1. Does segment 53-72 contain any residue that is buried (at least 22 other Cβ atoms within 10 Å of the Cβ), at pLDDT 85 or above and in a loop (DSSP other than H, G, I, E, B)?
2. Return the pair list, or none, for Cβ contacts closer than 9 Å from residues in segment 131-160 that are under 17 Å from ALA73 (Cβ atoms) to residues that are open to solvent by 80 Å² or more (accessible area, probe 1.4 Å), at least 6 apart or on different chains.
3. Inside segment 38-52, can you point out the residues that are within 25 Å of ASP8 (Cβ to Cβ), part of a loop (DSSP other than H, G, I, E, B) and open to solvent by 30 Å² or more (accessible area, probe 1.4 Å)?
4. Can you find, within segment 73-86, the residue that is modelled with the highest pLDDT among those that are buried (at least 18 other Cβ atoms within 10 Å of the Cβ) and not in a helix (DSSP H, G or I)?
5. Mind listing whichever residues of segment 87-109 are in a helix (DSSP H, G or I) and over 20 Å from ALA68 (Cβ atoms)?
6. Out of everything in segment 7-27 that is in a strand (DSSP E or B) and open to solvent by less than 40 Å² (accessible area, probe 1.4 Å), what residue ends up being farthest from PRO44 (Cα to Cα)?
7. Tell me yes or no: at least one residue of segment 92-109 is farther than 18 Å from ILE54 by Cβ and surrounded by fewer than 18 Cβ atoms within 10 Å (Cβ to Cβ).
Amino acid sequence: SGKTTVIDLVTGLLRPHAGTIVIDNTPLSELDMKAWRQAIGYVPQETQLLHDSILHNVTLDDPTLRKADAVRALKEAGAWDFVSVLPEGMHSIVGERGARVSGGERQRISIARAILKNPRVLILDEATSSVDTETESLIQEALERLIRGRTVFAIAHRLSTLKHANRLLILKEGKLDEIGTHA
């Protein structure tokens, strides 16, 4: 119904046919797109991990980050419990597309990556839709820490996932159907 299109518009991947997207009183078309996209963190529904270590998947080889930063992010993301008991810890290889870790573990690694990025804007695209309820609870706790103090676009089919949102936009058949709060 247009959720991906809205996100593509906000990130500048698509240009609107009519109207203007405004970020902090500045038209998106006037922003430096590279800088704008660096200010955005993204936690997708299906996390794609590199065939590399957990450490590399969290830091993406950013030379400004230390192992201690990755450990902190993994703890905040609720991932340290499973990472710390792996035989090689953060140096464990996750396999092709993260095949050696569960879906919930992949999501928590993705959340840790977003925590390290410390974005102004965070996009959560069905971040808990493909996990069991116990794992969803762990991911929700991590997300609650991550969303503090930033603008968040959360895409979800389950309304309960969005209970802490200030404003909900309900899309239906490609159009804005409702605006309101969870209540």
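The values are calculated or read from the model by the stated rules, or taken from the named source; none is laboratory data. Model, not experiment: these values are computed from the prediction. Every residue, glycine as well, gets a Cβ built from its backbone with ideal geometry; the counts of neighbours run over all protein chains shown. To get the accessible areas, we keep the full protein, side chains included, count just its heavy atoms, and leave off ligands, DNA and RNA. Shrake-Rupley method; radii C 1.70, N 1.55, O 1.52, S 1.80 Å.
1. Scanning segment 53-72, I find no residue that is buried (at least 22 other Cβ atoms within 10 Å of the Cβ), at pLDDT 85 or above and in a loop (DSSP other than H, G, I, E, B), so the answer is no.
2. Hits for this filter: LEU138/ASP81; GLU144/HIS164; ILE147/HIS164; ARG150/ASN118; ARG150/ARG120.
3. GLN45, GLU46, GLN48, LEU50
4. ALA79
5. Once the filter is applied, which keeps residues that are in a helix (DSSP H, G or I) and over 20 Å from ALA68 (Cβ atoms), segment 87-109 yields GLU96, ARG97, GLY98, GLY103, GLY104, GLU105, ARG106, GLN107.
6. Filtering segment 7-27 for residues that are in a strand (DSSP E or B) and open to solvent by less than 40 Å² (accessible area, probe 1.4 Å), the one farthest from PRO44 (Cα to Cα) comes out as PRO27.
7. No.
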